[in-house]
1. Those residues that are farther than 19 Å from Gly138 by Cα and small (Gly, Ala, Ser), I need them from the stretch 153-175; list them, please.
2. Mind checking which residues of the stretch 114-159 are more than 21 Å from the chain's Cα centre (by Cα), surrounded by 15 or more Cβ atoms within 10 Å (Cβ to Cβ), outside any helix (DSSP H, G or I) and in contact (Cβ under 8 Å) with a residue 12 or more places away in the chain?
3. Here's a check for you: in the stretch 65-75, which residue that is open to solvent by 60 Å² or more (accessible area, probe 1.4 Å) and assigned to a helix (DSSP H, G or I) is farthest from Gln92 (Cα to Cα)?
4. Do the conditions hold for Arg46, that is, is it more than 18 Å from Phe105 (Cβ to Cβ), charged (D, E, K, R) and at pLDDT 90 or above?
5. Residues of the stretch 88-110 being part of a helix (DSSP H, G or I) and either surrounded by fewer than 24 Cβ atoms within 10 Å (Cβ to Cβ) or among the acidic types (Asp, Glu) (or both), which ones?
6. All but one of (1) out of contact with any Asp or Glu (no Cβ under 7 Å at 6 or more places or on another chain); (2) closer than 26 Å to Ala62 by Cβ hold for Thr111; which doesn't?
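The values are calculated or read from the model by the stated rules, or taken from the named source; none is laboratory data. From a predicted model like this one, the values you see are computed outputs, not experimental measurements. Reconstructed Cβ throughout: ideal geometry from the backbone, glycine too, with neighbour counts over all protein chains shown. The accessibility values were calculated without ligands, DNA or RNA, using every heavy atom of the protein model including side chains. Shrake-Rupley method; radii C 1.70, N 1.55, O 1.52, S 1.80 Å.
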Amino acid sequence: TFLAPRLIRRWSVDRRHRDVELTQVHRELTSMVIPVVQHDRAQERRARLAWFREDWPEMARAYEALTLLIPGNGESHFRLGFARLFLGQFKQAIPAFTRASELDFMRPSATYNVACCHSRLGEIDAALSELRRALEQGFDNQALLKEDPDLANVRADPRYALLLKEWLEKRSGTGQKP
C-alpha cells in the first residue's frame, strides 16, 4: 500500500529522466491524496453540521469517522468526547478527551471533562486526580466547578472541598482572580 517509497526509489535510480519521473511521481501521489482530502472535507462538514444542530448521535458517528481519517486532529477527538458525554457514554468519552488533551487541544477543558466522566461513573479517586490535573493545567471556570451536575458525585467527597480550597489559595497567592 505504500507506493511513495517505491516511487522515490525509482526516481533516484533513474537520474537521467529526473524531470519526467518527478512529474509522474507528483501525478501518482496527487491522485492518491486529493480524494482523501476531499473525503475529509465532506466528513468535516457533516461533523460540524451535527455539532451546530446538537445532534449528539450523528455528531458521535461523524467525529468518530473523522478521528479515524485524521487521527492528529485534537478538535475532532474533543468533540467526539463531548458527544459521548452528552449521550451518557462516559467510558467511551474518556479516551476521546484524553487524546484531545494529548494533542494539546483545549487541554485543561479536555482533562476537566475526563474528570466529569469519571465522576459520572462513580470513580471518585480518578475524578479527583483528573480534576487536580485540570486545575494545574489552567482550568479556571469556578461556576462550572461549583454547579456542573457531572461533578455531583465528586462534590459529595470531602477531598473535593480541600482540593478547591488549595486551588483557590494558590490562585490568590499568584494574584490571579479567584
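1. Ala156, the sole residue that qualifies.
2. Within the stretch 114-159, Asp157 is the sole residue that qualifies.
3. From the stretch 65-75, those open to solvent by 60 Å² or more (accessible area, probe 1.4 Å) are 68-69, 71; that's our starting set.
Remaining after also requiring assigned to a helix (DSSP H, G or I): 68-69.
On the way: Leu68: 15, Leu69: 18 Å.
Selected residue: Leu69.
4. When the stated conditions are applied, Arg46 does not pass them.
5. Within the stretch 88-110, the subset part of a helix (DSSP H, G or I) is 90-102, 107-110.
Once the filter is applied, which keeps residues that are part of a helix (DSSP H, G or I) and either surrounded by fewer than 24 Cβ atoms within 10 Å (Cβ to Cβ) or among the acidic types (Asp, Glu) (or both), the stretch 88-110 yields Phe90, Lys91, Gln92, Ile94, Pro95, Thr98, Arg99, Glu102, Arg107, Pro108, Ser109.
6. With (1) out of contact with any Asp or Glu (no Cβ under 7 Å at 6 or more places or on another chain); (2) closer than 26 Å to Ala62 by Cβ applied to Thr111, the lone miss is (1).
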